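Novice: Before we start, here is the structure in question, set down as structure tokens.
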There are 2 protein chains.
Amino acid sequence: MNTATENWIDRFTGLMKLEAGIRDRLVSGSSVVSLSKDTVIFGPDKKPEYLLLLLSGTVRVQQISESGREIVLYRVYAGESCVLTTACLLAYEDYSAEGIAETDIVAAAIPRSVFDELVATSDTFRQFVFSAYSKRITDLFLVIEEIAFQRMDIRLADKLLQLAGDDDLVVSTHQQLAAELGTAREVISRQLREFQRRNWINQSRGQIALQDTSALKKLSDTIV
Amino acid sequence: MNTATENWIDRFTGLMKLEAGIRDRLVSGSSVVSLSKDTVIFGPDKKPEYLLLLLSGTVRVQQISESGREIVLYRVYAGESCVLTTACLLAYEDYSAEGIAETDIVAAAIPRSVFDELVATSDTFRQFVFSAYSKRITDLFLVIEEIAFQRMDIRLADKLLQLAGDDDLVVSTHQQLAAELGTAREVISRQLREFQRRNWINQSRGQIALQDTSALKKLSDTIV
DNA sequence: TGCCCTTCAGTGACGATGTCACCAAAGGGA
DNA sequence: TCCCTTTGGTGACATCGTCACTGAAGGGCA
């Protein structure tokens, strides 16, 4: 194990202050794993056995309804933990959500037993875990509020800005954007056509170039 | 403290097997409180300071958007815990949800420090807490799926059956039902008129008598 | 008892969103 | 080059959300 992976703990702000003994236990009790893009990390047919702390890459957590429609619940970025899987570890009932590696990822995998031990012995670790829960649950509340009350044009403008890289380019099909927002492709196509008409974006097959991010930002900040 | 309140722990299936010492600590470190109907237990302006274990009554957890529209996220019933407030205790950021006593309630209140201590020292208690998290999070996933993908008539039929007492009577205004489902009063009024036309219900001011629960049940079981 | 006032429910019109059926264009592979 | 899959476009229509307004029900009070 090289220095880089030994020091992965420092990438997590909540863990930097971990007591030395606990820190060693965390390193010795976990392993650094690599997973390739599109790997299903957990899902209805795949119970998670580890708590993942993401060192690089992103994980997309989404839900698929019986009718086949999808919605993205949240994303886990590097430096964050896939903490809701700990709830899933206990498997109160079937988890209808699934987590997918959106890129190639590297993560520290903590087995259930070590997780348990650390929660019991370290205040700092416990604080880290509950704080991560808090963030996720708050995210879910925001998703509910958005779906229930927000207009689709505002949600789409917001999502485009979120997904755009530094080059103001969103690489995604209309269908994928529809799944992000839990709506139908046609709705996305219509909205994008309107954005295009206003010269806010420039569409081409499978990607959208943002031309006027300030206009999109203004729309996404609209309070209805 | 009388026998009834000393033995409240037995009302929680997850706590019945608690180790004797832990059990004593839980009883001595917490207090049984009574709160009257409509008390705001936690909310944007009121951080929770205790984990509540509900002995009797129900708590409604809802969210209010900036535009004033409401949606009910979930309910906590007797024998369950208001566990998401533990995440709120750490207050990652502002909690936009609020918890309201829907009836007069009696609950065991566990201070943060005791909660922390118990999570650290008892496997059983820790299991209880994470299991409760799991249930709540699963509930939130179901709410998201419903809002995003389910037809309103199906959701309303389902909600009427949930809210009806043994006498098949739902005491609620159209406005309150709209808040339950995160929609507008007019939508509820129109749906109820349709249910009435089919003789499934009988409306009067502020209450709805269910006439044909099997028809409502059949509708609510519809898979789209 | 009669009046007032608040709350609750009904309604039409219309815009926004979701669904369905179908078509057309783009691009990759044989 | 030709197919075939993926992607995106479109009209028609149903459902849902919003707005403005009306009227009915019931409680309080003189």
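The values are calculated or read from the model by the stated rules, or taken from the named source; none is laboratory data. Remember, predicted model here, so these are calculated numbers, not experimental data. When we count neighbours, we look across all protein chains shown, and the Cβ atoms used for this are built from the backbone with ideal geometry, even at glycine. These accessible areas exclude ligands, DNA and RNA; they are computed on the full protein's heavy atoms, side chains included. Shrake-Rupley method; radii C 1.70, N 1.55, O 1.52, S 1.80 Å.
Novice: Quick one: pull the percent of accessible area on segment A:151-220 belonging to carbon and sulfur, 1.4 Å probe, ligands and nucleic acids left out.
Specialist: Roughly 41 percent of what the probe reaches on segment A:151-220 is carbon or sulfur.
Novice: Now a separate question. Could you give the length gained by full extension between residue B:218 and residue B:103, i.e. 0.36 nm per residue of separation minus their alpha carbon distance, to one decimal place?
Specialist: Going from the current span to full extension adds 38.4 nm.
Novice: Give the accessible surface of chain A per residue, rounded to a whole number of Å², with probe radius 1.4 Å and ligands, DNA and RNA excluded.
Specialist: Each residue of chain A exposes 46 Å² on average to a 1.4 Å probe.
Novice: Identify the trypsin sites (Lys or Arg not before Pro) of segment A:161-208 meeting these criteria: DSSP loop state and at most 15 other C-beta atoms within 10 Å of the C-beta. Present the calculation step by step, with values, prior to reporting the outcome.
Specialist: Details: sites: A:185, A:190, A:193, A:197, A:198, A:205; in loops: A:198, A:205.
Listed in order of number, the matching sites are A:198, A:205.
Novice: Could I ask something else about it? Given labels modelled 7 Å from the Cα in the Cβ direction, how far is it in nm from residue B:120 to residue B:47?
Specialist: 2.0
Novice: Can you list the distances in nanometres, one decimal and ascending, from the residue B:162 label point to the identical position in each other copy, with the point 7 Å along Cα to Cβ?
Specialist: Inter-copy label distances (nm, one decimal, shortest first): 2.4.
Novice: What ranking of A:45, B:153 comes out by heavy-atom accessible area, probe 1.4 Å, highest first?
Specialist: A:45, B:153
Novice: Under the rule of at least 5 residues apart or a separate chain, name every residue whose amide H is placed under 5 Å from the amide H of residue B:78.
Specialist: Amide H to amide H, under 5 Å and 5 or more residues apart or across chains, residue B:78 pairs with B:57.
Novice: Roughly speaking, what is the stretch gain from residue B:112 to residue B:142, that is 0.36 nm per residue apart minus the C-alpha to C-alpha distance, in nm to one decimal?
Specialist: 7.9 nm
Novice: Pick from A:206, A:68, A:182: which is most flexible by mean-square fluctuation in a GNM of chain A where alpha carbon atoms under 10 Å apart are linked?
Specialist: Residue with maximal mean-square fluctuation among A:206, A:68, A:182: A:68.
Novice: Express in % the proportion of alpha carbon pairs of segment B:150-220 at distances exceeding 13 Å. Intermediate values should be presented prior to the final figure.
Specialist: On the way: 1474 of 2485 pairs.
Every Cα pair in segment B:150-220 considered, those over 13 Å come to 59 percent.
Novice: Okay, next question. Let me check something: with ligands and nucleic acids excluded, how do A:8, A:200 order by accessible area (1.4 Å probe), largest to smallest?
Specialist: Heavy-atom accessible area, descending, gives A:200, A:8.
Novice: Using +1 at the C-beta of Lys and Arg and -1 at the C-beta of Asp and Glu, which of B:120, B:165, A:83 has the Cα lying farthest in the positive direction of the dipole of the protein assembly as shown?
Specialist: B:165
Novice: Considering only protein heavy atoms and a 1.4 Å probe, what is the carbon-and-sulfur percentage of the accessible area of segment A:3-147?
Specialist: Percent of accessible area from carbon and sulfur atoms in segment A:3-147: 50.
Novice: Here's a follow-up. Residue farthest toward the positive end of the dipole of segment B:3-147, with Cβ of Lys/Arg at +1 and Asp/Glu at -1: which of B:39, B:143, B:103?
Specialist: So the residue we want is B:103.
Novice: Using the 7 Å Cα-to-Cβ label point, sort the distances from residue B:127 to its equivalents in the other copies shortest first and give them in nm to one decimal.
Specialist: 2.9
Novice: Quote the accessible area belonging to residue B:80 in square angstrom, nearest 10, computed with a 1.4 Å probe and with ligands, DNA and RNA left uncounted.
Specialist: Roll a 1.4 Å probe over it and residue B:80 shows about 50 Å².
Novice: Another one. What residues qualify as long-range amide H neighbours of residue B:173, i.e. H under 5 Å apart, gap of 5 or more or another chain, H built at 1.01 Å from N?
Specialist: none
Novice: Let me ask something additional. If one takes the accessible area of chain A alone plus chain B alone and subtracts that of the pair, with a 1.4 Å probe, what total in Å², rounded to the nearest 100, results?
Specialist: 4100
Novice: Starting from the 7 Å offset along Cα-to-Cβ, what nm value, one decimal, do you get for the label separation of residue A:36 and residue B:24?
Specialist: About 5.9 nm separates the two model spin labels.
Novice: Taking just the alpha-carbon atoms of the protein assembly as shown, what radius of gyration and Dmax come out, in angstrom?
Specialist: When restricted to Cα atoms, the protein assembly as shown yields Rg and Dmax of 23.7, 73 Å.
Novice: Quickly work out the residue B:189-to-residue A:11 label distance, labels modelled 7 Å from Cα along the C-beta direction, and quote it in nm with one decimal.
Specialist: Label at residue A:11, label at residue B:189, 5.6 nm between them.
Novice: What value, in deg cm²/dmol to 500, does the helix sum -39500 (n - 2.57) over DSSP H runs of n ≥ 4 give at 222 nm once divided by the residues of the protein assembly as shown? Mind showing how you got there, number by number?
Specialist: Numbers: 18 runs with 198 residues, N = 448.
Using -39500 (n - 2.57) per qualifying helix, the result is -13500 deg cm²/dmol.
Novice: Explain nothing, just compute: Karplus ³J(HN,Hα) = 6.51 cos²θ - 1.76 cosθ + 1.60, θ = phi - 60°, for every residue of segment A:50-65 in order, whole Hz, x for Gly and Pro.
Specialist: After applying 6.51 cos²θ - 1.76 cosθ + 1.60, I find 9, 8, 9, 10, 7, 8, 8, x, 9, 10, 9, 10, 9, 10, 10, 7 Hz.
Novice: Report the extension gain between residue A:203 and residue A:167 in nm, rounded to one decimal, defined as 0.36 nm multiplied by the number of residues separating them, less their alpha carbon distance.
Specialist: 11.5 nm
Novice: Going by amide H atoms built from the backbone, whose H comes under 5 Å of the H on residue B:39, apart from near neighbours?
Specialist: B:101
Novice: How big is the Cα convex hull of segment B:3-147 in projection, averaged over all directions, in nm²?
Specialist: Mean projected area of the Cα convex hull: 8.8 nm².
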